[in-house]
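Step one of this worksheet: look at the structure below.
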Amino acid sequence: MLELYDYQIEGAKWLATKRIALLADEMGIGKTAQSIRACDILNAKTILVICRAVAIPNWKNEFLKFSLRETAEYHVTVTSYESL
């Protein structure tokens, strides 16, 4: 598990308080890490990620890097826009 910067922790906490939200940080700031940590804060059991097909392997790896939980504690489905 990689440590987050303070602003990423704040972003994750902010996301976790919203029913609907848009995290629109610049590219490379760590939106993926913030989103994953927000799932941890909420103790989400089932997570759906919809992304570009090329990003699917990256999202799967990012959960392993940034989640504070063991993979058995949640189920992540990562799919592409085209697959929907």
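Structural remarks
- You will find that of 69, 19, the residue that is of a type in the set (Lys, Arg), open to solvent by 80 Å² or more (accessible area, probe 1.4 Å) and out of contact with any Pro (no Cβ under 6 Å at 6 or more places or on another chain) is 19 and no other.
Condition check ((1) surrounded by 17 or more Cβ atoms within 10 Å (Cβ to Cβ); (2) at pLDDT 95 or above; (3) among the hydrophobic types (A, V, I, L, M, F, W, C)) across all residues:
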{"residue": "27", "(1), (2), (3)": "no, no, yes"}
{"residue": "30", "(1), (2), (3)": "yes, yes, no"}
{"residue": "34", "(1), (2), (3)": "yes, yes, no"}
{"residue": "44", "(1), (2), (3)": "yes, yes, yes"}
{"residue": "50", "(1), (2), (3)": "no, yes, yes"}
{"residue": "59", "(1), (2), (3)": "yes, yes, yes"}
{"residue": "63", "(1), (2), (3)": "yes, yes, yes"}
{"residue": "77", "(1), (2), (3)": "no, yes, no"}
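- As a summary of the residue check, residue 39 satisfies the conditions (1) surrounded by 13 or more Cβ atoms within 10 Å (Cβ to Cβ); (2) part of a loop (DSSP other than H, G, I, E, B) except for the one numbered (2).
- Cβ-Cβ contacts under 6 Å between residues 6 or more apart (or on different chains), taken from a first residue in region 20-45 that is in contact (Cβ under 8 Å) with a residue 24 or more places away in the chain and among the acidic types (Asp, Glu) to a second residue that is open to solvent by 90 Å² or more (accessible area, probe 1.4 Å) and not in a helix (DSSP H, G or I), are listed as 40/68.
The values are calculated or read from the model by the stated rules, or taken from the named source; none is laboratory data. No experiment lies behind these values; they were computed from the predicted model shown. Heads up, the Cβs are rebuilt from the backbone with ideal geometry, glycines too, and the neighbour counts pull from every protein chain shown. In case anyone asks, the SASA skips ligands and DNA or RNA and just uses the protein heavy atoms, side chains included. Shrake-Rupley method; radii C 1.70, N 1.55, O 1.52, S 1.80 Å.
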